[in-house]
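Values quoted throughout were computed directly from the atomic coordinates according to the rules given, and no laboratory measurement underlies them. What you are looking at is a predicted structure, and each value in this text was computed from that prediction instead of being measured. Ideal geometry is used to build each Cβ from the backbone, glycine not excepted, and the neighbour counts take in all protein chains shown.
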Amino acid sequence: MLSTFLAVLRRDLLLAWRGRADVLVTLAFFVIVVCLFPFGVGAEPNQLRAIAPGVLWVAALLACLLSLHRLFAQDYADGTLEQLLLSREPAAVWVMAKVLAFWLSTGLPVIAVAPAMALLLDLEQGGLSVLVLSLTLGTPILTLLGAVGAALTLGLRGGGMLLALLVLPLFVPVLIFGAGAVEAEVSGSGALAHLLLLGGGLAGAVALAPWACAAALRISTE
Amino acid sequence: MTTSERSRSVLRFASPQYFYPLAGKLAPWFAALAVVLTLAGLWLGFFVAPTDATQGEVYRVIFIHVPAAWMSMFIYLVMAFWSAVGLVMNTRLSFVMSQALAPTGAIFCFLALWTGALWGKPTWGAYWVWDARLTSQLLLLFLYFGFIALTRAIEDPRRADRAGAIIALVGAVNVPIIYFSVNWWNTLHQGASVSLTKAPSMAATMLAGMLVMAIAAWMYTIAVVLWRVRPMILERERHTEWVGTVLEKELQAVAANKGGRA
């Protein structure tokens with residue numbers, strides 16, 4: 001079981017590495033969205049500081065959403081997905097491996113540049129570590145929930161918009177606790193409660209989402 | 001179970017063939033009940049119930065608002081229930097039921113938001129505040145939209161059924177989480193909201209009017225869903241023999257009606 005997990009993980013990471021341009025596009029999207037906000041709301045430092053946690057989190061959430069359709073599309077098109085479903089290995093295992101590889105190749109780069117973007121918005125230094133921590137706990141939940149949506153909309157016309165409609169309402173709690181954690185830290189009330197809730201959400205998502213995702217993939221490839 | 005036993009069992013109505021005529025027979029009764037109860041409820045609400053001491057006449061919107069809000073939440077649960085039954089027992093009718101429920105749920109959800117906005121303007125001074133209840137109701141509307149859009153976007157009915165069932169269940173698991181998170185977010189932000197729970201206790205006639213309207217909403221939902229289920233069944237089972245005979249019979253009835261009038 002572990003060997004399946006590692007084999008799928010290795011393969012997907014290798015594929016992601018060979019198609020690095022996609023990852024860079026996601027990253028560029030994140031950076032540009034964050035940079036749009038000062039143009040929209042004005043460059044007043046106090047105002048930017050106040051909206052920084054929300055802006056960074058929404059931008060990360062959108063970057064995650066827009067890359068989600070790539071999660072299974074390639075494997076669906078070339079038949080790999082069907083072969084994986086036919087194999088004897090439990091589907092939840094390799095689904096988890098694919099989600100992890102996807103998060104490592106899209107979520108992690110976004111988290112890596114997030115502190116730099118936070119400096120652009122003049123977020124307080126103390127908030128940076130909590131921002132990184134909340135994104136590290138929160139973006140995997142987004143990817144796991146999004147994977148279910150991506151599996152359900154596989155191969156549909158207008159799948160991208162539909163995927164957004166399906167998963168965005170489900171992303172709201174993550175956004176609330178993620179952005180809330182940074183805000184709570186900056187305002188001095190401590191981010192522990194938010195981070196614990198995010199961690200709990202992540203544990204729940206890891207436990208449930210791969211199964212739902214595997215069931216969705218079965219339905220979509222029938 | 002022998003064949004005769006099965007044909008007498010209530011479970012036979014899980015088969016579209018038996019449910020189709022039953023739905024046709026029951027729907028008008030529920031519709032009639034809905035009309036009677038709505039008239040009674042509105043009469044109670046608009047003419048019998050006293051004017052509220054603090055809010056004046058504006059409060060009367062609750063006779064539509066509260067039943068609509070209750071119904072929108074309850075219908076999502078019923079939808080998730082039928083989805084689960086469909087996935088576990090592999091019954092076609094369950095999926096049809098959950099898809100027939102979705103538009104009604106969405107309409108009630110929208111109605112609750114709309115009447116809430118109309119009530120909010122004179123009471124809170126704004127059509128919309130980011131109150132926990134309002135926000136979770138809005139997210140529920142988005143969940144309905146997602147379910148409807150997904151089931152309509154997939155052409156193969158088998159895949160549409162199952163995909164819709166999964167998203168309904170995922171949504172049902174998330175609804176309490178969304179409600180909790182939005183509540184948490186709201187209490188931290190201290191929005192300019194007024195708590196309804198702190199309002200003084202209601203007059204008995206107000207409560208009665210609201211309950212009658214709530215039951216009317218139930219009856220309306222049942223009637224509409226039964227009506228919506230019938231053409232859906234015919235469309236899905238159009239290749240079977242029994243649909244052929246049903247359609248032929250209805251055609252003959254229409255022809256006889258025309259002949260009688262001429």
Lys, Arg +1 and Asp, Glu -1 on Cβ, resulting dipole of the protein assembly as shown about Cα centre, debye, nearest 20: 1220 debye
Any idea which of A:Leu196, A:Ala118, A:Phe102 is furthest toward the positive side of the dipole for region A:95-222, if Lys and Arg beta-carbons carry +1 and Asp and Glu beta-carbons -1? A:Phe102
For B:Lys258, go through the aspartates and glutamates and keep the ones whose alpha-carbon is under 14 Å away, minus same-chain ones fewer than eight residues off. B:Glu250
For chain A, find the longest principal axis of its Cα atoms and tell me its angle to the long axis of helix A:125-152, 0 to 90°, nearest 10. 30 degrees
Where nothing but the Cβ of Lys and Arg (+1) and of Asp and Glu (-1) is charged, how large is the charge dipole of chain B around its Cα centre, in debye to the nearest 20? 420 debye
Quick check: from the Cα gyration tensor, does the protein assembly as shown come out rounded (a/c under 1.5), prolate or oblate? oblate
Positive-pole candidate from A:Val182, A:Thr136, A:Leu56, dipole of chain A, charges at beta carbon: A:Thr136
Nearest-0.05 FRET efficiency for B:Tyr18 and A:Met161 at R0 = 30 Å, using Cβ-Cβ distance, is 0.15
B:Ala32-B:Arg158 pseudo-label distance in nm [points 7 Å out on the Cα-to-Cβ vector]: 4.2 nm
How large is the helix-only mean residue ellipticity at 222 nm for chain A, computed as the sum of -39500 (n - 2.57) over DSSP H runs with n ≥ 4, divided by its residue count, in deg cm²/dmol to the nearest 500? -29500 deg cm²/dmol
In deg cm²/dmol and to the nearest 500, what is the mean residue ellipticity at 222 nm of chain B if only DSSP H runs of at least 4 residues count, each as -39500 (n - 2.57), divided by the residue total? -27500 deg cm²/dmol
Connecting every pair of Cα atoms under 10 Å apart in chain A and solving the GNM, the largest mean-square fluctuation among A:Gly200, A:Gly178, A:Gly40 falls on A:Gly40
Computed over region B:51-191: relative contact order in percent, which uses C-alpha pairs under 8 Å that are six or more apart: 28 percent
If you build the convex hull over the alpha carbons only and average its shadow over all orientations, what do you get for region A:41-170? Give it in nm² to one decimal. 8.9 nm²
The convex hull of the Cα atoms of region A:2-221, divided by residue count, gives a volume in Å³ per residue of 115 Å³
Derived scalar couplings ³J(HN,Hα) [region A:186-194; Karplus, 6.51 cos²θ - 1.76 cosθ + 1.60; whole Hz; x for Gly, Pro]: 5, 7, x, 8, x, 9, 4, 4, 4
Project the alpha carbons of chain B onto their principal axes and report the range along each, largest first, in whole Å. 62, 45, 38
Compare B:Ala126, B:Ala208, B:Ala32 in a GNM of chain B, Cα atoms joined below 10 Å, and give the one with the largest fluctuation. B:Ala126
For chain B, find the longest principal axis of its Cα atoms and tell me its angle to the long axis of helix B:92-124, 0 to 90°, nearest 10. 20 degrees
Set the Förster distance to 56 Å, then compute FRET efficiency between A:Arg218 and B:Lys121 from the Cβ-Cβ distance, nearest 0.05. 0.70
Please give the helix A:108-120 orientation as an angle from the longest Cα principal axis of chain A, in degrees from 0 to 90, rounded to the nearest 10. 10 degrees
Sort A:Leu197, A:Leu86, B:Leu169, B:Leu140 so the one with the fewest other Cβ atoms within 10 Å of its own Cβ comes first. A:Leu86, B:Leu169, A:Leu197, B:Leu140
Summing +1 for each Lys or Arg and -1 for each Asp or Glu, what net charge is found among the other residues whose Cβ lies under 15 Å from the Cβ of A:Gly19? +1
Working only with C-alpha atoms, what are the Rg and Dmax values of region B:51-191, expressed in angstrom? 17.1, 56
Would region B:15-80 count as rounded, prolate or oblate if I go by the C-alpha gyration tensor, calling it rounded below 1.5 in a/c and otherwise prolate when a/b exceeds b/c, oblate otherwise? oblate
Convert each backbone phi in region B:58-69 into a coupling constant with the Karplus relation 6.51 cos²θ - 1.76 cosθ + 1.60 (shift: θ = phi - 60°), then list the ³J(HN,Hα) values in order as whole Hz, x for Gly and Pro. 4, 4, 4, 5, 4, 5, 9, 5, 5, x, 5, 5
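Can you put B:Val66, B:Val48, B:Val10, A:Val174 in order, fewest other beta carbons within 10 Å first?
B:Val10, B:Val48, B:Val66, A:Val174
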Take B:Ala204 and A:Leu15, extend 7 Å from each Cα along the Cα→Cβ direction, and tell me the distance between the two endpoints in nm. 6.9 nm
Candidates B:Met73, B:Met210, B:Met89, ranked by Gaussian network fluctuation over chain B, Cα under 10 Å, top entry: B:Met89
Could you give the size of the charge dipole of region B:51-191 about its Cα centre, using +1 on the Cβ of each K and R and -1 on the Cβ of each D and E, expressed in debye and rounded to the nearest 20? 260 debye
Fewest first, what order do B:Met213, A:Met96 take by the number of other Cβ atoms within 10 Å? A:Met96, B:Met213
